[in-house]
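Notes for the one structure printed next.
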Amino acid sequence: MRLVANALEEEIVLGWLQPRERLIEEDIATRFDVKRHVVREAIAELERMGLVERVQNKGATVRMLSPTDVRQIYFVREALETLAAREIPLPPRPETIATLVEIHQQHSAAVERGDARAAFRANMAFHTALFGACGNPHLIEAIRTLAQKAHGVRSYTAANPMLLARARDDHRAMIEALEASDRERLVELCQDHLRPSREAYLAALEQRFGRTG
């Protein structure tokens, strides 16, 4: 179940499954060569994560967040992530920097070879390590939950080579800010890092549906 849920999660983030697209259990079971009940469990997990919703007479579809949802989620994400950035002890522990550098190298290699799936996973690992350094498990969990809920927002940017390169450069700058114990720069970078996916999603919704809130 976890493998199917992870694969579908990636496909939603990367825009291969679009907002409002139906998730047909039989097709997914055939594609992954699993039983229907495994697919149902995977879809239920995605529903708990906020990526999928049940629509009457249509079954499960990829959830489309409204502009209001997106603005509110990103408002909270910015508050939580900048709070975590302010709580990271400075100077950072050497092992924190070492972990971030290693993940950054993996992310950079994925970006270089155009591997969007690997870049997505490395990006998630980078932010888990970065915000995990704040040492507050409750704050870390809240950040993780909101990031998952916003996965669909990234569907317009996560496979874009230019924006993947920007994320790579942002990560390098975050490491440099930590190494320099420059907290205000780190906070600024965390704020700016959220904007491209939010703005691209809102622009795509407006183009597709007109102003909806």
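For volume of the Cα convex hull per residue in Å³, the value computed from the atomic coordinates appears in the list (1) 116; (2) 206; (3) 125 under label (3). Label positions at A180 and Q207, each projected 7 Å from the Cα along the C-beta direction, are separated by 3.5 nm.
Take H193: with every protein chain present and a 1.4 Å probe, its accessible area is about 40 Å². Along the charge dipole of the chain, pointing to its positive end and built from +1/-1 on Cβ of Lys, Arg, Asp and Glu, which listed residue (T99, A129, L202) has its Cα farthest out? Toward the positive end, the furthest listed residue is L202.
Calculate, for R48 and R2, the FRET efficiency according to 1/(1 + (r/R0)^6) with r their C-beta to C-beta distance and R0 22 Å; round to the nearest 0.05. Rounded to the nearest 0.05, the efficiency is 0.95. What's the longest piece of the chain with no exposed trypsin sites (Lys or Arg not before Pro), counting a site as exposed if DSSP puts it in a loop and it has at most 16 other beta carbons within 10 Å? No qualifying site falls inside 59-210, the longest such stretch. Computed about its Cα centre, the charge dipole of the chain is approximately 620 debye, with only Lys, Arg, Asp and Glu carrying charge at their Cβ.
The residues packed around Q148, meaning those with a beta-carbon under 10 Å from its beta-carbon, carry a net charge of +2 if Lys and Arg are +1 and Asp and Glu are -1. Annotation: T61 carries an accessible surface of approximately 10 Å², with a 1.4 Å probe and no ligand, DNA or RNA atoms counted.
Given Cα pairs under 8 Å that are at least 6 residues apart, what percent is the relative contact order of the range 1-159? Value for the range 1-159: 34 percent. Once both labels are positioned 7 Å from their Cα atoms along Cα-to-Cβ, the gap between H138 and E95 label points is 2.5 nm. Classify the range 122-177: rounded, prolate or oblate, from the alpha-carbon gyration tensor (a ≥ b ≥ c, eigenvalue square roots; a/c under 1.5 rounded; otherwise prolate if a/b is larger than b/c)? Judged from the Cα gyration tensor, the range 122-177 comes out oblate (a/c at least 1.5, b/c at or above a/b). Computed extension gain for R40 through A129, at 0.36 nm per residue and net of the alpha carbon distance, reaches 28.9 nm. With a Förster radius of 22 Å applied to the C-beta separation of S66 and I24, the computed FRET efficiency comes to 0.35. The slack in the chain from R172 to E199, taken as 0.36 nm per residue of separation less the alpha-carbon distance, amounts to 7.5 nm. Relative contact order of the range 89-184: what whole-number percent is it, with Cα pairs under 8 angstrom and at least 6 residues apart? Reported relative contact order: 44 percent.
Summing Lys, Arg as +1 and Asp, Glu as -1, what charge do residues with Cβ under 15 Å from the Cβ of E112 carry, E112 excluded? Summing Lys and Arg as +1 and Asp and Glu as -1 gives +3.
The values are calculated or read from the model by the stated rules, or taken from the named source; none is laboratory data. These figures come from a predicted structure and were not determined experimentally. Heads up, the Cβs are rebuilt from the backbone with ideal geometry, glycines too, and the neighbour counts pull from every protein chain shown. Surface areas here come from the heavy atoms of the whole protein model, side chains and all, with no ligands, DNA or RNA. Shrake-Rupley method; radii C 1.70, N 1.55, O 1.52, S 1.80 Å.
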